[in-house]
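Here the structure comes first, spelled out in structure tokens, and everything after it is commentary.
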Amino acid sequence: MKTQDPPRTFHVKSFGCQMNVYDGERMAELLAAQGMTAVDER
């Protein structure tokens, strides 16, 4: 019987200016497109 891999998750934490927040949101979009799921905290 094949064991199931745990779900792939990520958490993006931004520091500093609005551009850092934008970059984090863009990275989250790319990770979600790869099948990963965002979580609130690790």
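The values are calculated or read from the model by the stated rules, or taken from the named source; none is laboratory data. Note that the structure is a prediction, hence the values are computed from the model and not measured. Backbone-built Cβ (ideal geometry, glycine too); neighbour counts: all protein chains shown. For the accessible areas, the whole protein counts, side chains as well, though only heavy atoms, and no ligand, DNA or RNA atoms are used. Shrake-Rupley method; radii C 1.70, N 1.55, O 1.52, S 1.80 Å.
On the accessible surface of the chain, probed at 1.4 Å, how many percent belong to carbon and sulfur atoms?
Carbon with sulfur: 53 percent of the solvent-accessible area.
For a quick check: with amide H placed at 1.01 Å from N, whose amide H comes under 5 Å from Phe10's, ignoring anything fewer than 5 positions away on the same chain?
Here the answer is Thr37, Ala38, Val39, since their amide H atoms fall under 5 Å of that of Phe10.
Where does helix 18-33 land angle-wise versus the long Cα axis of the chain, in degrees 0 to 90, nearest 10?
Tilt of helix 18-33: around 20 degrees.
How charged is the neighbourhood of Asp23? Take every other residue with its Cβ under 15 Å from the Cβ of Asp23, and add Lys/Arg as +1 and Asp/Glu as -1.
Its environment carries a net charge of 0.
To the nearest 20 debye, what charge dipole does the chain have about its Cα centre, counting +1 at the Cβ of each Lys and Arg and -1 at the Cβ of each Asp and Glu?
Dipole about the Cα centre, nearest 20: 160 debye.
With every protein chain left in place, what is the accessible area per residue of the chain in square angstrom, probe 1.4 Å?
98
Of (i) 1.44; (ii) 1.10; (iii) 1.04, which one was derived for Cα Rg over 2.2 N^0.38 Å from the structure shown?
Step by step, Cα Rg over 2.2 N^0.38 Å for this structure corresponds to label (i).
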